[in-house]
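The values are calculated or read from the model by the stated rules, or taken from the named source; none is laboratory data. In this text the structure is predicted, and so the values were computed from the model without any measurement. With ideal geometry, Cβ positions are generated from the backbone for all residues, glycine too; neighbour counts draw on all protein chains shown. Protein only, heavy atoms only, side chains kept; ligands, DNA and RNA dropped before computing areas. Shrake-Rupley method; radii C 1.70, N 1.55, O 1.52, S 1.80 Å.
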Amino acid sequence: MENSKQKGKFQSNFGFLMAAIGSAVGLGNLWGFPYKMGNGGGFAFLFLYLILAVCIGYSCMLAEFAIGRKSGKGAIGAYERIGRRFMFNGWIATMAPFFLMMFYLCLGGYCIKYLVANFGDIFGASWGVGDVASGDFFNTFVADPVQAVGFTLIFAVLTIVIVMGGVANGLERFSVIAMPALFVMLLITVIRSVTLPGAAEGLAFMFKPNFEVFKGWGWLKVLASAGGQLFFSLSLASSALIAYSSYLDKKENLEKNALIVPAADTTVAILCGLATLPAVFASGLEPTQGPGMLFVTLQTVFQSMSGAGPIFGTIFYLLVFLAALTSSISMLEGSVSSFMDRRLEKGKSQGRTFLCLTIGGISTAGAVLVALDALGAAGLPHLFGFSTWLDTFDLFSEGILMPGGCLIMTIILGWIRPGYIDDEIKLSGSYRSKPFVEICLKFLAPVFLAFIVVVQMDGFFKLGLF
Ligand code: PHE
């Protein structure tokens, strides 16, 4: 464990990259991207997504890396360093992971359940999925409070224990093993999926360019879907990346890192599509998104594969579990990092263990509520007319705090304090992308993020704008 007066450092740029890519690669890649790409015009969607990734993803990520490393602090301290009046935006970023974890920890628990069940199927164990229809298996599992809460707690404890280990011994040590392993498992699943008879239909669904969807105001819909996806997938405005970059050595090149992380995240998202969609079509199923795709449709695929199905199921759910865990640890670290600063400023010890337990504990309480809610099936009361608690916590995080906070960041760095990040980026590189980043932060990103805020409200409250 690190010295209690210091928050710790990544030991290598590779460790930093694995942790940051681990944060970005998560459930969003697996259950959002492939479906949205297929429905949003295939290659045409990808083209649009890549433009957004370069203009918005790269610039906002570079900005977060720079304000994090410049201050050496978590989100609250990082914004305070820009100016005391901007500290509130650090609070916004620090609160986002509380709500994110409230549903992510529960979904991570579902991943463990499916990992265990598919592993059991390899040798016909009674706790496997067996011949039960996958929809029934899923509904029975989520409606069983002991199991749903139990697996959520296991996932929450794993998240908390890794973050308690500190930067080098917890986050980095876990990420440098988990991410390469995840990548290998993803490649195995891709090879199996694309070589199944009937896989071509899935490839066509995902890639075939379709400009029809752009007709009329359709392009705005596609832009909305690509933008929402990009934003969540890159873990922007959630305090995670600010915290991670604050632990990065000053000699490491921020521009390069801000290119590598979105590039890797997008590559993995495409591979996730190749791992899932061909198999879904080969089994005569229709793709969907969300938990239904991950836990019902894909489980049906593994059940329909003769012989080796449970082995591929085990590999697949292990990779989903690792993707979720490397994301959840970054959420917890984001908040913990901000609060550690506050303690250190008061002359106290950093209190990593205490903060992991309290912040992790509060988020776990929310996750238990989501688990008990059984995706709305348990009949618990809900807020704002939503049908699940997952949607409520998602509204606070993905809907309000994250796009709102990112919008405020671009206004601060683009208009109020332009040039603030320059010296930090120049410390370790030429900052050749400066003119481009400035245009993005000043004009493109604020307009786009304001649009995303509207899109999110439209999605959550079904306003019917898009
Ligand atoms: N990027 C993660 C995903 O795609 C989610 C995430 C958001 C992780 C914010 C950390 C912070 O699932």
ask   = Within the bounds of the stretch 444-466, is there any residue that is more than 16 Å from the ligand (Cβ to nearest atom), among the charged types (D, E, K, R), more than 22 Å from the chain's Cα centre (by Cα) and at pLDDT 95 or above?
value = no
query = Can you pull out the residues in the stretch 290-323 that are assigned to a loop (DSSP other than H, G, I, E, B), open to solvent by 40 Å² or more (accessible area, probe 1.4 Å) and either under 25 Å from THR159 (Cα atoms) or among the hydroxyl-bearing types (Ser, Thr, Tyr) (or both)?
reply = SER306
query = Got at least one residue in the stretch 182-197 being on the phi < 0 side of the Ramachandran plot, of a type in the set (Ser, Thr, Tyr) and within 16 Å of the ligand (Cβ to nearest atom)?
reply = no
ask   = What do you reckon, is THR152 touching a Leu at 6+ places or on another chain (Cβ under 8 Å), of a type in the set (S, T, N, Q) and in contact (Cβ under 8 Å) with a residue 24 or more places away in the chain?
value = yes
key: Positions within the stretch 386-426 being within 14 Å of the ligand (Cβ to nearest atom) and of a type in the set (Ser, Thr, Tyr), in sequence order   = SER397
task = Determine whether GLY38 is touching a helix residue (DSSP H, G or I) at 6+ places or on another chain (Cβ under 7 Å) and within 16 Å of the ligand (Cβ to nearest atom).
result = no
query = Which pairs do you get when a residue that is modelled with pLDDT under 95, found in the stretch 46-59, comes within reach of a residue that is among the charged types (D, E, K, R), reach meaning Cβ atoms under 6 angstrom, with the pair 6+ apart or on two chains?
reply = none
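Has the stretch 74-90 got any residue that is of a type in the set (Phe, Trp, Tyr), in contact with a Phe, Trp or Tyr (Cβ under 8 Å, 6 or more places away or on another chain) and within 16 Å of the ligand (Cβ to nearest atom)?
Start the filter on the stretch 74-90 by keeping residues that are of a type in the set (Phe, Trp, Tyr), which leaves 79, 86, 88.
In the following step, the residues that additionally are in contact with a Phe, Trp or Tyr (Cβ under 8 Å, 6 or more places away or on another chain) were identified as 79, 86, 88.
Okay, now just the ones that are also within 16 Å of the ligand (Cβ to nearest atom), so none.
Within the stretch 74-90 (the criterion being of a type in the set (Phe, Trp, Tyr), in contact with a Phe, Trp or Tyr (Cβ under 8 Å, 6 or more places away or on another chain) and within 16 Å of the ligand (Cβ to nearest atom)), the answer is no, since none of the residues qualifies.
Residue-by-condition table, conditions (1) within 30 Å of PHE141 (Cα to Cα); (2) at pLDDT below 90; (3) touching a strand residue (DSSP E or B) at 6+ places or on another chain (Cβ under 8 Å); (4) among the small types (Gly, Ala, Ser):
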site: LEU182; (1), (2), (3), (4): yes, no, no, no
site: MET185; (1), (2), (3), (4): yes, no, no, no
site: ARG192; (1), (2), (3), (4): yes, no, no, no
site: VAL213; (1), (2), (3), (4): no, yes, no, no
site: LEU220; (1), (2), (3), (4): no, yes, no, no
site: GLY227; (1), (2), (3), (4): no, yes, no, yes
site: ASP249; (1), (2), (3), (4): no, no, no, no
site: ILE260; (1), (2), (3), (4): no, no, no, no
site: ASP265; (1), (2), (3), (4): no, no, no, no
task = May I ask you to list the residues in the stretch 307-354 that are within 18 Å of GLY8 (Cα to Cα), away from the ligand (no atom under 16 Å from the Cβ) and among the small types (Gly, Ala, Ser)?
result = GLY347, SER349, GLY351
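Condition check ((1) touching a residue at least 40 places away in the same chain (Cβ under 8 Å); (2) surrounded by fewer than 18 Cβ atoms within 10 Å (Cβ to Cβ); (3) basic (Lys, Arg)) across all residues:
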| position | (1), (2), (3) |
| --- | --- |
| HIS382 | no, yes, no |
| ASP391 | yes, no, no |
| ASP394 | yes, no, no |
| GLY404 | yes, no, no |
| TRP415 | no, yes, no |
| LYS426 | no, yes, yes |
| ARG432 | yes, yes, yes |
| ALA450 | yes, yes, no |
| GLN456 | yes, no, no |
inquiry  = Kindly evaluate LEU62 against the criterion of being more than 16 Å from the ligand (Cβ to nearest atom), at negative phi, touching a residue at least 60 places away in the same chain (Cβ under 8 Å) and within 21 Å of the chain's Cα centre (by Cα).
reply    = yes
Residue among LEU277, LEU248, LEU241 that alone is open to solvent by less than 10 Å² (accessible area, probe 1.4 Å) and not in a helix (DSSP H, G or I) = LEU248
note = Counting only residues that are within 16 Å of PHE88 (Cα to Cα) and either hydrophobic (A, V, I, L, M, F, W, C) or more than 7 Å from the ligand (Cβ to nearest atom) (or both), the stretch 230-242 contains a total of 3
